[in-house]
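Only one structure is covered here, and it is reproduced in the block below.
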Amino acid sequence: AQSVTQPDIHITVSEGASLELRCNYSYGATPYLFWYVQSPGQGLQLLLKYFSGDTLVQGIKGFEAEFKRSQSSFNLRKPSVHWSDAAEYFCAVGANTGTASKLTFGTGTRLQVTL
Amino acid sequence: NAGVMQNPRHLVRRRGQEARLRCSPMKGHSHVYWYRQLPEEGLKFMVYLQKENIIDESGMPKERFSAEFPKEGPSILRIQQVVRGDSAAYFCASSPGAGGSQPQHFGDGTRLSIL
């Protein structure tokens, strides 16, 4: 069964500082990986996705993530955080078999940005 | 608005009543997913439907919960005889096709409160 671990429940960074949010997954084959962001009271917005190919993927809002098979990781990064990035971030894995379509989410990392 | 539409945004029910949550997928999407988010937790998959078919209901509680996606109209998640533990945010997502590589687009959710 697939699973996702986000080890950091809460992270605080200063505006302008760099950011890295950790994500580790468990899956038997090459997974489909996603990062979503959720603002309070809102739904989830897709930041970026990895399916295959280049292990460094670029997303919206200046985010990027790197897939590392050897570490079973898909960490999210941003070189300079803006106050508007404060939100909850979810890593998710999608199955890579047939038509199996459900996403398995981590428990999320809440990002606080100080000015 | 061409996004995933969920209504109502907020729903209050008393214990023992029925709750009906509606979801209209993005235009052109025929695959719908329902997820539940408990406070301070990530999203948990409940059910995956295509038009008139339930494809995967492995995350649905065995009793009181049902879902449908009729040929015409929105998808409905129905909870009968609600209990306090059903209080959560329920999110609907849609995708244009099947498979874990299809990015899922989320609605803003329905916040269900049980008195």
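Values quoted throughout were computed directly from the atomic coordinates according to the rules given, and no laboratory measurement underlies them. Predicted, not measured: the structure shown is a model, and the values here were computed from it. Reconstructed Cβ throughout: ideal geometry from the backbone, glycine too, with neighbour counts over all protein chains shown.
If R0 is 45 Å, what FRET efficiency do you get for B:ASN7 and A:SER26 from their C-beta distance, rounded to 0.05?
Step by step, r from the Cβ atoms, then E = 0.80.
Over chain B, what is the relative contact order in whole percent, taking alpha-carbon pairs under 8 Å and six or more residues apart?
Values: 289 pairs, mean separation 42.4, N = 115.
That works out to 37 percent.
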Over the Cα atoms of segment B:3-57, what is the Rg over Rh ratio if Rh follows Kirkwood?
0.99
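What is the magnitude of the charge dipole of chain B about its Cα centre, with +1 placed on the Cβ of each Lys and Arg, -1 on the Cβ of each Asp and Glu, and no other charges, expressed in debye to the nearest 20? Numbers along the way, then the final one.
On the way: 16 positive and 11 negative charges, 81 e Å.
With only Lys, Arg, Asp and Glu charged at Cβ, the dipole is about 400 debye.
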Given a cut-off of under 8 Å on Cα pairs at least six residues apart, what relative contact order in percent is computed for chain A?
38
Quick calc, the protein assembly as shown, dipole around Cα centre from Cβ unit charges on Lys, Arg (+) and Asp, Glu (-), nearest 20 debye, gives 580
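Kirkwood hydrodynamic radius of segment B:31-115 from all distinct Cα pairs, in Å?
Numbers: mean 1/r = 0.0748 Å⁻¹.
Computed over Cα pairs of segment B:31-115, the Kirkwood hydrodynamic radius comes out at 13.4 Å.
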Positive dipole terminus of chain B, leading residue within B:ILE76, B:HIS10, B:PRO103 (C-beta point charges):
B:HIS10
For segment B:8-58 and segment A:7-22, what is the centre-to-centre distance using only Cα atoms, to the nearest Å?
31
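In debye, nearest 20: dipole of segment A:43-110 around its Cα centre with unit charges on the Cβ of K, R (+) and D, E (-)?
On the way: 8 positive and 5 negative charges, 20 e Å.
With only Lys, Arg, Asp and Glu charged at Cβ, the dipole is about 100 debye.
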Which one of A:PHE34, A:SER84, A:PHE63 is farthest out on the positive end of the charge dipole of chain A, using unit charges on Cβ (Lys, Arg +1; Asp, Glu -1) and the Cα centre as origin?
A:PHE34
Just tell me which lysines come within less than 20 Å, Cα to Cα, of A:LYS49; anything on the same chain fewer than 8 places away is out.
A:LYS61, A:LYS68, A:LYS78, A:LYS102, B:LYS44
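Around B:GLN6, what is the net charge, scoring Lys/Arg as +1 and Asp/Glu as -1 over all other residues with Cβ under 9 Å from its Cβ?
On the way: positive: B:ARG9, B:ARG22; negative: B:ASP108.
Summing Lys/Arg as +1 and Asp/Glu as -1 gives +1.
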Can you give the FRET efficiency to the nearest 0.05 for B:GLU18 and A:PHE51, using r as the Cβ-Cβ distance and R₀ = 45 Å?
0.65
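Translational diffusion coefficient of the protein assembly as shown at 25 °C, 0.890 mPa s, Stokes-Einstein with Kirkwood Rh over Cα pairs, in µm²/s as a whole number.
Values: Rh = 18.1 Å.
Using the Kirkwood radius from Cα pairs, D works out to 135 µm²/s.
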Once both label points are put 7 Å beyond Cα along the C-beta direction, the A:HIS10-A:SER70 separation in nm becomes 3.6
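Once R0 is set to 35 Å, what does the formula 1/(1 + (r/R0)^6) return for the Cβ-Cβ distance between B:GLU68 and A:ALA1, expressed as a FRET efficiency to the nearest 0.05? Please list the in-between numbers first.
Numbers: r = 27 Å, r/R0 = 0.76.
The calculated FRET efficiency here is 0.85.
Of all GluC sites (Glu not before Pro) in segment B:15-115, which ones are in loop regions per DSSP and have a Cβ with at most 15 other Cβ atoms within 10 Å? Mind showing how you got there, number by number?
Details: sites: B:GLU18, B:GLU40, B:GLU41, B:GLU52, B:GLU57, B:GLU63, B:GLU68, B:GLU72; in loops: B:GLU18, B:GLU40, B:GLU41, B:GLU52, B:GLU57, B:GLU63, B:GLU72.
In loop regions of segment B:15-115 (DSSP not H, G, I, E or B), the sparsely surrounded GluC sites (Glu not before Pro) are B:GLU18, B:GLU40, B:GLU41, B:GLU52, B:GLU63, B:GLU72.
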Top mean-square fluctuation among A:GLN45, A:GLN58, A:GLN71, Gaussian network model of chain A, C-alpha springs under 10 Å?
A:GLN71
Kirkwood Rh over Cα pairs of chain A into Stokes-Einstein at 20 °C, 1.002 mPa s: D in µm²/s?
150
